[in-house]
């Protein structure tokens with residue numbers, strides 16, 4: 001019982017100070033400055049941008065991801081400490097959006113890293129972004145934002161998909177253990 | 001001197017747009033001549049894939065601030081194993097355009113040391129801007145077939 | 001003893017403009033060599049455009065430059081009109097001018113804010129983004145969207161301005177005009193800024209044209225060259241405006257030999273004033289009438305075969321569209337010339353060696369490098 005109570009307190013505290021990685025992965029980054037600055041001001045909810053992933057809690061994937069960026073995003077995501085949350089921003093992270101037939105952008109973000117929350121639209125309005133953050137806070141408090149646990153549990157599957165994407169090929173997937181040994 | 005005086009066979013598409021069609025060997029000489037005659041702004045280098053003719057068309061765009069005239073120097077090279085001499089010594093930005101065209105179309109620019117990976121990373125297939133690369137088929141065969149993460 | 005090392009700036013770094021990275025070779029605090037690494041935003045636009053019909057490409061092109069999408073719509077539409085031989089209605093020309101200048105104002109506010117933020121003057125960045133939001137509000141009322149408007153179409157603009165457009169826009173322009181002195185006091189006359197920005201990040205003047213520098217960066221190097229004057233499009237030949245260039249910095253002091261971060265910032269602030277005056281004139285002189293040509297059915301468009309190169313002056317420099325058609329329903333090739341292509345790669349790689357690391361990021365931001373138009 002005591003352990004459970006302690007978890008509740010920790011969730012309550014962590015939802016009030018979300019630090020977001022300062023990484024503009026796509027064009028959705030254009031709506032981030034208004035949210036961060038005086039007009040919409042997300043700092044009143046305890047959300048602030050943070051340059052290093054090691055001290056951040058939230059990773060925002062702002063729009064489409066090319067394979068070259070996906071490599072960096074996976075690296076950033078793995079550098080973040082648990083618990084960590086991912087928000088998929090815009091239609092491009094859900095099904096590819098208007099780049100559905102582009103050879104260089106991934107179509108479904110949840111195949112490569114676990115996503116806690118999606119924001120629909122191209123591009124989402126600042127109000128939608130803030131609403132997403134509030135929803136995320138709610139999820140954290142209830143203990144529903146468990147994407148980072150999934151990443152531990154299904155690590156092999158996520159790694160397999162990432163490898164496929166990085167090599168632009170479905171076959172030729174190297175064995176994960178062999179690669180880790182290097 | 002204006003492009004029309006320098007090259008009498010130049011063709012005027014519309015006001016301020018001149019088009020010159022030449023052999024690949026002469027491009028360097030013409031770009032140099034235009035550069036010395038007031039066409040001092042190199043706009044860009046484009047490549048067009050004419051798959052039915054089996055040719056790539058390289059278009060060198062130049063602009064003169066003095067005459068307010070835009071010249072397109074167009075040349076055709078074979079699609080398979082086509083190559084071109086680099087002009088990176090004339091204008092530095094040509095080097096970047098050549099890197100892009102090398103990656104996206106597979107044209108070899110002889111003498112450019114920076115050809116190689118530029119925009120894509122680890123791309124194992126045919127250069128993607130070629131007309132015979134079907135992006136829709138590639139997406140269906142690759143991205144859609146990556147399995148979803150199965151949760152127990 | 002000096003130590004040599006390699007530094008990777010970006011893509012996850014607050015000092016780069018968007019998603020791109022620089023590979024620096026450094027000795028002590030002095031940069032020896034720079035390589036720009038791009039491709040993080042490559043979506044293959046030019047390939048996708050070959051797969052879509054002429055009309056479907058309008059929503060695609062605006063995604064090429066995120067801070068200032070309207071220049072793409074305008075350039076693409078002008079290229080299609082050029083091939084089709086269309087002359088757009090007079091009122092549409094004026095509306096395009098207003099939209100393009102509003103977009104320029106917004107983009108300049110963001111860039112000026114970015115330059116200030118790279119020196120640690122965060123107030124300007126907060127103001128710039130905040131004031132830009134009022135311009136986005138105008139866009140929302142006119143076009144229905146904040147960022148991607150898809151308002152300028154081949155043949156004109158999609159619909160007429162709302163009835164209260166004049167009051168709406170004038171109100172925001174009045175507000176911006178009132179704010180300009182504040183920007184000047186905190187930025188261009190700020191001692192901190194002057195100490196850091198004067199004489200830093202110099203693009204050699206005699207090389208500027210040969211290296212392909214365009215836009216405000218070229219004017220800061222002392223050339224009065226602007227494609228709004230050289231090849232007027234929209235209604236720019238009917239409105240009266242001056243192109244600010246070094247050394248004619250108006251009320252700002254000339255503190256350097258030009259072509260540095262200070263001059264580039266001053267030129268941008270002066271251009272904002274010009275933009276405000278252009279919009280006021282266009283609103284005043286705008287004629288009544290149609291805003292779009294009576295098209296044949298959109299899906300059945302066949303554009304005559306030919307080559308067309310069309311350029312517009314964006315807030316960053318020359319934006320060009322090279323469109324090739326073979327007479328079919330889809331373009332054969334659309335090639336976009338982004339101004340950052342030269343500024344971000346060959347210019348920056350040449351001017352950075354010898355620079356202090358701390359000056360690198362402000363220099364890149366003051367050249368207004370926007371990665372999506374490099375890799376598209």
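The values are calculated or read from the model by the stated rules, or taken from the named source; none is laboratory data. Owing to the predicted nature of the structure, the values given are computational and were not obtained by experimental measurement. All Cβ positions, glycine included, derive from the backbone under ideal geometry; neighbour counts span all protein chains shown.
Scanning region A:103-121 for residues that are in contact (Cβ under 8 Å) with a residue 24 or more places away in the chain and in a loop (DSSP other than H, G, I, E, B) turns up A:104, A:106, A:112, A:113, A:114, A:115, A:116, A:120, A:121.
Selection of region C:1-19 for residues being exposed (fewer than 13 other Cβ atoms within 10 Å of the Cβ) and either over 24 Å from residue A:22 (Cβ atoms) or under 22 Å from the mean Cα position of the chain (by Cα) (or both) yields C:1, C:2, C:3, C:4. A single entry from C:54, C:86, C:25 fulfils the requirement of being in contact (Cβ under 8 Å) with a residue 12 or more places away in the chain, touching a strand residue (DSSP E or B) at 6+ places or on another chain (Cβ under 6 Å) and over 22 Å from residue B:104 (Cα atoms): C:25.
Within region B:118-138, the set of residues being farther than 17 Å from residue C:376 by Cβ and either over 15 Å from the mean Cα position of the chain (by Cα) or crowded, with 21+ Cβ neighbours inside 10 Å (or both) comprises B:122, B:124, B:125, B:126, B:132, B:134, B:136, B:137, B:138.
Assess whether residue C:309 counts as being in contact with a helix residue (DSSP H, G or I) (Cβ under 6 Å, 6 or more places away or on another chain) and buried (at least 24 other Cβ atoms within 10 Å of the Cβ). No: the conditions fail for residue C:309. Of the listed requirements (1) at pLDDT below 90; (2) touching a helix residue (DSSP H, G or I) at 6+ places or on another chain (Cβ under 9 Å); (3) within 30 Å of residue B:15 (Cα to Cα); (4) not in a helix (DSSP H, G or I), residue C:369 misses just one: (3).
Across region A:1-30, the qualifying residues are those that are modelled with pLDDT of 85 or more and under 29 Å from residue C:39 (Cβ atoms), and the one among them that is surrounded by the most Cβ atoms within 10 Å (Cβ to Cβ) is A:21.
Here residue A:122 meets each of (1) within 12 Å of chain C (Cβ to nearest Cβ); (2) surrounded by 20 or more Cβ atoms within 10 Å (Cβ to Cβ); (3) more than 14 Å from the chain's Cα centre (by Cα) with one exception, condition (2). Here residue A:141 clears all of (1) surrounded by fewer than 18 Cβ atoms within 10 Å (Cβ to Cβ); (2) assigned to a helix (DSSP H, G or I); (3) within 14 Å of chain C (Cβ to nearest Cβ) except the condition numbered (3).
Just one of (1) assigned to a helix (DSSP H, G or I); (2) surrounded by fewer than 22 Cβ atoms within 10 Å (Cβ to Cβ); (3) in contact with a strand residue (DSSP E or B) (Cβ under 7 Å, 6 or more places away or on another chain) fails for residue A:93. It is (2). Annotation: of all residues in region A:39-76 being more than 11 Å from every other protein chain (Cβ to nearest Cβ) and crowded, with 16+ Cβ neighbours inside 10 Å, the one that is nearest to residue C:137 (Cα to Cα) is A:42. Hey, does region B:121-130 have a residue that's within 17 Å of residue C:38 (Cβ to Cβ), in contact with a strand residue (DSSP E or B) (Cβ under 8 Å, 6 or more places away or on another chain), outside any loop (DSSP other than H, G, I, E, B) and touching a residue at least 12 places away in the same chain (Cβ under 8 Å)? Checked region B:121-130: no residue is within 17 Å of residue C:38 (Cβ to Cβ), in contact with a strand residue (DSSP E or B) (Cβ under 8 Å, 6 or more places away or on another chain), outside any loop (DSSP other than H, G, I, E, B) and touching a residue at least 12 places away in the same chain (Cβ under 8 Å). Taken over region B:59-89, the criterion of being more than 9 Å from chain C (Cβ to nearest Cβ), closer than 17 Å to residue B:40 by Cβ and not in a strand (DSSP E or B) is satisfied by B:66, B:67, B:87, B:88, B:89. The residue of region C:232-265 that is surrounded by the fewest Cβ atoms within 10 Å (Cβ to Cβ), among those that are in contact (Cβ under 8 Å) with a residue 40 or more places away in the chain, within 17 Å of the chain's Cα centre (by Cα) and assigned to a loop (DSSP other than H, G, I, E, B), is C:233. One residue stands out among those in region A:144-158 that are over 16 Å from the mean Cα position of the chain (by Cα) and in a helix (DSSP H, G or I): the one that is farthest from residue B:145 (Cα to Cα), which is A:153. For region B:16-50, filtered to residues that are more than 10 Å from chain C (Cβ to nearest Cβ) and part of a loop (DSSP other than H, G, I, E, B), the residue that is surrounded by the fewest Cβ atoms within 10 Å (Cβ to Cβ) is B:23.
Only residues that are part of a loop (DSSP other than H, G, I, E, B), more than 22 Å from residue A:129 (Cβ to Cβ) and touching a helix residue (DSSP H, G or I) at 6+ places or on another chain (Cβ under 6 Å) were counted in region A:43-86, giving 1.
Determine which single condition residue C:22 fails, assuming it passes every other condition in (1) modelled with pLDDT under 90; (2) more than 9 Å from every other protein chain (Cβ to nearest Cβ); (3) buried (at least 20 other Cβ atoms within 10 Å of the Cβ); (4) touching a helix residue (DSSP H, G or I) at 6+ places or on another chain (Cβ under 7 Å). Among (1) modelled with pLDDT under 90; (2) more than 9 Å from every other protein chain (Cβ to nearest Cβ); (3) buried (at least 20 other Cβ atoms within 10 Å of the Cβ); (4) touching a helix residue (DSSP H, G or I) at 6+ places or on another chain (Cβ under 7 Å), residue C:22 violates only (4). All of C:173, C:168, C:105 fail the test of being more than 14 Å from every other protein chain (Cβ to nearest Cβ), crowded, with 19+ Cβ neighbours inside 10 Å and more than 25 Å from residue C:16 (Cα to Cα), apart from C:173. Restricting region A:6-38 to residues that are within 12 Å of chain C (Cβ to nearest Cβ) and in a loop (DSSP other than H, G, I, E, B), the residue that is farthest from the chain's Cα centre (by Cα) is A:38.
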